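Written out below as structure tokens is the structure these notes cover.
The values are calculated or read from the model by the stated rules, or taken from the named source; none is laboratory data. What you are looking at is a predicted structure, and each value in this text was computed from that prediction instead of being measured. Heads up, the Cβs are rebuilt from the backbone with ideal geometry, glycines too, and the neighbour counts pull from every protein chain shown.
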Amino acid sequence: MEIFWYIIIAIVLAVFFILDGYDFGTGIIHLFFAKKEKDKEVIAKSAGLFWDSNEVWLVAAGGMLFMAFPTFYASVFSGFYLPLIIVLWLIIFRAIGLEFRSQFHFQMWKDIWDKSFGVSSLLLALFFGIALGNIVRGVNLGGVENGVSVYEGHYFFLPLWDSSFSPLTEHPGVIDWFTIVIGLISVVTLSIHGANWVILKTNSSINKKLKGVIFNLNIVLAVLTVFSLFVWQIVNPNSLYNFVDKPYFMVFPIIYLTGIMGLFFIKKIKKDIYGFVFSTLLILGGITSSLASLFPVLLPSVNDINEPLTIYNTTTSEYGLSVALTWGVIGFILLFVYMIIQKRLMGGKVDKMDYGH
Amino acid sequence: MEDMLFYDRLQFAFTITFHYIFPQLTMGLSLMIVFFKWKYLRNNDEKYNNAAKFFMKIFAVNFTMGVVTGIPMEFQFGTNWAKFSELTGGIIGQTLAMEGMFSFFLESSFLALFIFGEKLMGQKLHFLTGFLVFLGSWASGWFILATNAWMQHPVGYEVLENGKFVLENFSALFTNPWLLPAFLHNQLASVVTSSFVVASIGAFYLLRKKQVEYGKLFLKTGVIFGLVSSLLVAFPTGDWNAKNVAKYQPAAFAAMEGIFETEEAGAEIVLVGQPNMVEKKLDNKIAVPNILSFLTHQDWNKQIPGMDQFKKEELPDNIPALYYSYHIMVGLGTIFIGVMLLSLFFLWRRKLYTLKPLLWVIMFLVPFPYIANLTGWYTAELGRQPYLVYGLLKTSDGISPTVSSGNTLFTLLGFVALYMLLGLLFLVLVGKTINEGPKHQKH
């Protein structure tokens with residue numbers, strides 16, 4: 001039953017990063033590449049029409065984690081206190097940037113909210129990557145000081161960074177050189193994804209240029225990925241064990257690889273949807289591979305005293321999980337129905353769609 | 001630890017107060033939008049369709065604010081109240097996850113369709129999307145109140161050896177005797193808020209002599225919805241809730257009503273008075289004998305336990321705040337009924353649209369339903385103190401053990417600053433929409 005819920009939450013999270021991921025990506029593209037007012041407007045529209053129904057997946061993932069793995073939810077949310085609150089503020093800035101830019105028609109107003117949307121999208125992409133980096137690296141669970149646990153059980157508190165910026169100390173911070181590498185991968189991946197979304201949903205004049213941008217970013221991503229595999233081994237030496245033990249887990253890295261390979265042909269691809277499909281594979285493969293390398297651990301412990309948090313030691317009762325599964329399945333079917341209705345009715349390019357009141 | 005508890009409570013109180021301003025309007029307003037759209041389908045008068053779309057614009061800005069201030073609420077359970085989350089997540093996680101899955105998704109998917117999709121679908125489908133938005137927003141209220149009802153009156157749980165609460169009976173969460181009255185009371189109160197907002201915009205148009213046709217429509221709709229809902233808020237739902245508090249949280253009931261000492265021959269109802277915590281009595285009291293006993297138990301002489309019957313640690317920790325919240329809510333509710341009755345009388349005599357003094361009153365009354373709703377919410381929450389889960393888990397045992405008070409203070413200040421900005425933007429945008437009026441619709 002724990003495994004069921006683990007898979008469901010992993011799917012919801014992956015869907016969140018695929019859907020809201022393109023919102024973040026459009027923000028980054030908007031920040032760096034949109035120069036003409038018409039492009040800015042249409043790119044903001046391509047995210048603005050969808051962000052709130054995409055963000056719901058984050059709320060759903062949060063609610064499900066809370067329900068299925070309450071101990072994990074409690075320790076991770078209080079442990080990453082400062083970065084999470086900063087993420088909340090960024091989410092707010094991004095949302096109001098999108099919603100409010102077209103409400104008034106003078107340039108300064110628009111410039112402020114464009115920057116708010118772009119910068120907060122960029123930082124959110126970076127923070128989500130850093131978060132993944134932290135989960136891979138593990139934390140000092142229970143806050144061990146000189147071989148003695150200072151907090152009961154599994155509570156911890158991470159400072160934003162440690163002065164050494166090293167992931168290998170006894171008390172690593174949220175930001176260190178390893179998590180920054182993962183953060184950069186996230187920024188590059190979501191930029192590619194966002195660019196593909198802009199190409200798919202708009203007739204923007206920069207669409208052609210964006211294909212070149214994607215190609216170049218993809219090279220950067222390939223280099224970063226190879227580099228990260230190397231440092232990944234340093235911070236978490238057990239990370240390959242699962243793939244050796246359960247060879248079918250290899251399907252996840254292969255999904256990632258397919259995405260990366262596909263994107264090298266972006267300039268030749270005629271149909272816009274394929275580019276988007278490849279970057280979707282990239283995100284899907286990236287998240288599932290990371291989770292698969294940790295499974296069944298949810299958060300590794302960097303000290304020897306505390307057990308890592310796993311899906312087994314952080315869960316609630318069997319009965320709770322099973323009733324939730326019943327309504328969860330119904331809910332899921334409804335979600336996909338809503339999503340299909342919405343994407344069908346609002347399919348096609350957004351240029352002509354009415355937005356901004 | 002003391003500091004920590006104080007800042008955690010302050011932060012939660014602040015963020016939820018600000019958040020609750022928005023959903024209370026969207027829940028009520030969605031009903032009125034469905035009403036306008038339904039009238040349009042019935043008599044094909046373009047005026048009603050424009051009214052529906054006009055309020056949908058205000059709804060949309062409110063909804064955005066509700067979403068961006070609501071996500072922090074879910075996060076804060078984990079960040080600031082980690083112990084509480086760990087112990088009760090298996091239960092209230094159910095209702096919170098259901099809220100995300102069944103209502104929030106419904107609302108946000110169909111809101112976009114309602115706003116942007118009128119041309120893409122027929123009028124009947126458009127009505128349906130509006131109705132689904134309404135359904136989603138009310139379902140949201142249902143699940144949030146189911147969560148709160150469990151904290152007020154825990155049911156269907158089992159406590160494990162490690163102190164964790166786990167679910168034992170899922171359906172008990174939704175048949176909780178606390179839930180239905182609290183839900184109905186809350187939803188009707190949100191209809192009161194939206195009625196006052198609609199009536200107030202109507203009064204504004206009439207006083208300004210612009211958009212007069214819509215001014216009359218809004219005022220009439222607002223007054224009729226407002227009277228019905230404010231009556232229903234008081235009776236039967238308000239009465240029903242008060243009886244529940246008396247039954248399940250007698251200590252909170254005594255503090256709410258300001259009964260310091262038990263009277264053997266029936267309890268009086270306090271209309272006015274200030275709790276004096278030093279001498280344990282009410283100063284400047286105006287009270288009517290035996291009424292409270294009758295209202296609570298339909299028996300003039302039935303005894304109601306006063307605060308002297310409870311141990312100090314069972315009593316709410318801030319009795320004056322609880323007492324005032326409750327009395328402000330009841331007082332305002334009474335005023336609303338009075339104003340709406342008067343307005344209906346003049347509406348019936350065909351004088352309301354030109355009766356300036358009353359129009360001014362209606363226009364400026366708009367913050368008060370918000371205050372009444374918030375004080376109502378405070379009454380429930382302060383009454384539950386000193387517990388998070390009534391009788392089972394103390395508030396002081398629910399906070400995050402590893403987060404220091406400095407961090408909470410820092411993030412609290414951040415939220416205050418950010419929400420000030422949000423509030424300002426919100427007022428500017430809603431003001432602009434109202435100023436433009438219903439005819440300036442592009443779609």
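Restricting to the range B:397-443, count the residues that are hydroxyl-bearing (Ser, Thr, Tyr) and at pLDDT below 90.
4
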*Do any residues in the range A:135-158 that are of a type in the set (Gly, Ala, Ser) have Cβ atoms under 6 Å from those of residues that are surrounded by 19 or more Cβ atoms within 10 Å (Cβ to Cβ) and in a strand (DSSP E or B), where the two are at least six apart or on different chains, and which pairs are they?*
A:138/A:301
*Single match in B:90, B:78 (criterion: in contact with a strand residue (DSSP E or B) (Cβ under 9 Å, 6 or more places away or on another chain), crowded, with 21+ Cβ neighbours inside 10 Å and more than 23 Å from residue B:366 (Cβ to Cβ))*: B:90
*Is it true that some residue in the range A:261-268 is surrounded by 13 or more Cβ atoms within 10 Å (Cβ to Cβ), small (Gly, Ala, Ser) and farther than 21 Å from residue A:179 by Cα?*
yes
_Residue ID - nearest to residue B:357 (Cα to Cα), chosen from residues in the range B:212-256 that are of a type in the set (S, T, N, Q) and surrounded by 23 or more Cβ atoms within 10 Å (Cβ to Cβ)_ = B:230
*asked:* Conditions first: (1) more than 25 Å from the chain's Cα centre (by Cα); (2) among the hydrophobic types (A, V, I, L, M, F, W, C); (3) assigned to a helix (DSSP H, G or I); (4) farther than 25 Å from residue B:4 by Cα. Residue B:120 passes all but one, so which condition is the exception?
replied: (3)
*asked:* Looking at B:357, B:320, B:369 in this structure, which one is assigned to a helix (DSSP H, G or I), in contact with a strand residue (DSSP E or B) (Cβ under 7 Å, 6 or more places away or on another chain) and more than 18 Å from residue B:268 (Cα to Cα)?
replied: B:320
*For residue B:107, state whether it is in contact with a helix residue (DSSP H, G or I) (Cβ under 8 Å, 6 or more places away or on another chain) and either surrounded by fewer than 24 Cβ atoms within 10 Å (Cβ to Cβ) or at the interface with another protein chain (Cβ under 7 Å from one of its Cβ atoms) (or both).*
no
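Among the residues of the range B:268-310, which ones are polar (S, T, N, Q) and closer than 23 Å to residue B:333 by Cβ?
Scanning the range B:268-310 gives B:274, B:284, B:290, B:293, B:296, B:298.
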_Need the failing condition index for residue B:242 against (1) within 19 Å of residue B:321 (Cα to Cα); (2) over 21 Å from the mean Cα position of the chain (by Cα), just the number._
(2)
*Please specify each residue of the range A:280-303 satisfying the condition of being touching a residue at least 24 places away in the same chain (Cβ under 8 Å) and outside any helix (DSSP H, G or I).*
A:295, A:296, A:298, A:299, A:300, A:301, A:302, A:303
*Name the pairs whose Cβ atoms lie under 9 Å apart, with the first residue in the range A:67-92 and more than 7 Å from chain B (Cβ to nearest Cβ) and surrounded by fewer than 23 Cβ atoms within 10 Å (Cβ to Cβ), the second part of a helix (DSSP H, G or I) and acidic (Asp, Glu), and 6 or more positions between them or separate chains?*
none
*Looking only at the range A:127-146, which residues are aliphatic (A, V, I, L, M), within 20 Å of residue A:287 (Cβ to Cβ) and not in a helix (DSSP H, G or I)?*
A:139
*Of everything in the range B:371-400 that's touching a residue at least 24 places away in the same chain (Cβ under 8 Å) and surrounded by fewer than 18 Cβ atoms within 10 Å (Cβ to Cβ), which residue is nearest to the other protein chains (Cβ to nearest Cβ)?*
B:397
_Can you list the helices (runs of 4 or more DSSP H) lying wholly within the range A:161-245 that have 1 or more residues being under 20 Å from residue A:128 (Cα atoms) and under 21 Å from the mean Cα position of the chain (by Cα)?_
A:177-201, A:207-235
_For the range A:26-44, give me each residue that is within 25 Å of residue B:115 (Cα to Cα) and buried (at least 23 other Cβ atoms within 10 Å of the Cβ)._
A:26, A:27, A:30, A:42, A:43, A:44
*If you scan the range B:383-437, which residues turn out to be part of a loop (DSSP other than H, G, I, E, B) and among the aromatic types (Phe, Trp, Tyr)?*
B:390
*In the range B:55-91, what count of residues is obtained for those that are in contact with a His (Cβ under 9 Å, 6 or more places away or on another chain) and more than 9 Å from every other protein chain (Cβ to nearest Cβ)?*
2
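Looking at residue B:171, is it assigned to a helix (DSSP H, G or I), of a type in the set (Ser, Thr, Tyr) and either within 30 Å of residue B:57 (Cα to Cα) or within 17 Å of the chain's Cα centre (by Cα) (or both)?
It is false that residue B:171 is assigned to a helix (DSSP H, G or I), of a type in the set (Ser, Thr, Tyr) and either within 30 Å of residue B:57 (Cα to Cα) or within 17 Å of the chain's Cα centre (by Cα) (or both).
Quick one: is residue A:248 at pLDDT 90 or above, more than 30 Å from residue A:202 (Cα to Cα) and aromatic (Phe, Trp, Tyr)? Break it down stepwise before answering.
Details: at pLDDT 90 or above: yes; more than 30 Å from residue A:202 (Cα to Cα): yes; aromatic (Phe, Trp, Tyr): yes.
Judged against the criteria, residue A:248 is a match.
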*Do we have any residue at all in the range B:291-304 that's acidic (Asp, Glu) and under 30 Å from residue B:194 (Cβ atoms)?*
no
*Checklist (1) out of contact with any Asp or Glu (no Cβ under 6 Å at 6 or more places or on another chain); (2) farther than 30 Å from residue B:242 by Cα applied to residue B:405, failing item*: (1)
*Are any of the residues in the range A:312-328 in a helix (DSSP H, G or I), surrounded by fewer than 20 Cβ atoms within 10 Å (Cβ to Cβ), free of Cβ contacts under 8 Å to residues at least 40 places away in the same chain and touching a Gly at 6+ places or on another chain (Cβ under 8 Å)?*
no
